[in-house]
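The values are calculated or read from the model by the stated rules, or taken from the named source; none is laboratory data. Everything quoted here is computed from the prediction, not taken from an experiment. Please note: Cβ atoms are built from the backbone with ideal geometry, for glycine as well, and neighbour counts cover all protein chains shown. The accessibility values were calculated without ligands, DNA or RNA, using every heavy atom of the protein model including side chains. Shrake-Rupley method; radii C 1.70, N 1.55, O 1.52, S 1.80 Å.
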Amino acid sequence: MPRASIDACKVIELPKISDPRGKLTFIEEGRHVPFDIRRVYYLYDLPGGAERGGHAHRGLFQLIIAASGSFDVMLDDGGHRRVQHLNRSYLGLLVTPMIWRDIGNFSSGSVCLVLASEFYAESDYIRDYPEFLRLASEVG
Ligand code: TYD
């Protein structure tokens, strides 16, 4: 398995239809996201100072969208880090397997919408950072 890289975690611009009544964005499997969508979840009612994430996934692909408001996603592949600010409902951040992510700096009332390539499975999580670094250094 090639080593994961934060460079593969691209911001994808989704279709946006604007008219006087407001804006509409849609996402079609296989057209706008490079994985099959098995699950959708969202974070909301986030208290001030909330920190989410704090883990990596072994095999999961995700698209993270600031459906409302804004927040920061810190991406870490074990060698490099980057902070991606998300603040547009038509932008999605692709997060590939074996990328540690911390999500924070949520604006008040923000909603973090996530499309995921697999059903929820705790066995896919790596929640221990030293273990993540060890596994990340093994591949490649
Ligand atoms: P977790 O993924 O740790 O949250 P975050 O990355 O947003 O900080 O999940 C928090 C809890 O919710 C944990 O007990 C697992 C559970 N959960 C599900 O049952 N199904 C899901 O699809 C997700 C994402 C989490």
Loop GluC sites (Glu not before Pro), the range 1-102 (other Cβ atoms within 10 Å of the site Cβ: 16 or fewer; DSSP): Glu28, Glu51
Carbon plus sulfur fraction of accessible area for the range 18-111, probe 1.4 Å, in percent: 47 percent
In the range 1-102, chymotrypsin sites (Phe, Trp or Tyr not before Pro) in a DSSP loop with at most 13 other beta-carbon atoms within 10 Å: Phe26, Tyr44
Per-residue HN-Hα couplings for the range 132-138 [Karplus 6.51, -1.76, 1.60; θ = phi - 60°; Hz; x = Gly/Pro]: 4, 4, 5, 5, 5, 7, 7
Residue-normalised accessible area of the range 55-133, given per residue in Å² at a 1.4 Å probe: 41 Å²
At R0 = 35 Å, FRET efficiency that the Cβ-Cβ distance of Glu51 and Lys23 yields, to 0.05: 0.75
Assigned charges on the beta-carbon of Lys, Arg, Asp, Glu; the chain dipole about Cα centre (debye): 360 debye
Two-decimal Rg to Rh for the range 62-137 - Kirkwood Rh, Cα set: 0.98
Calculated log₁₀ intensity ratio I(q)/I(0) where the Debye formula runs over C-alpha points of the range 20-96, q = 0.11, 0.18, 0.22 Å⁻¹: -0.34, -0.91, -1.29
Net charge of Cβ neighbours under 10 Å - reference Gln62; Lys, Arg +1; Asp, Glu -1: +1
If the convex hull is drawn through the Cα atoms of the chain, its volume per residue in Å³: 112 Å³
Asn105-Val83 pseudo-label distance in nm [points 7 Å out on the Cα-to-Cβ vector]: 0.4 nm
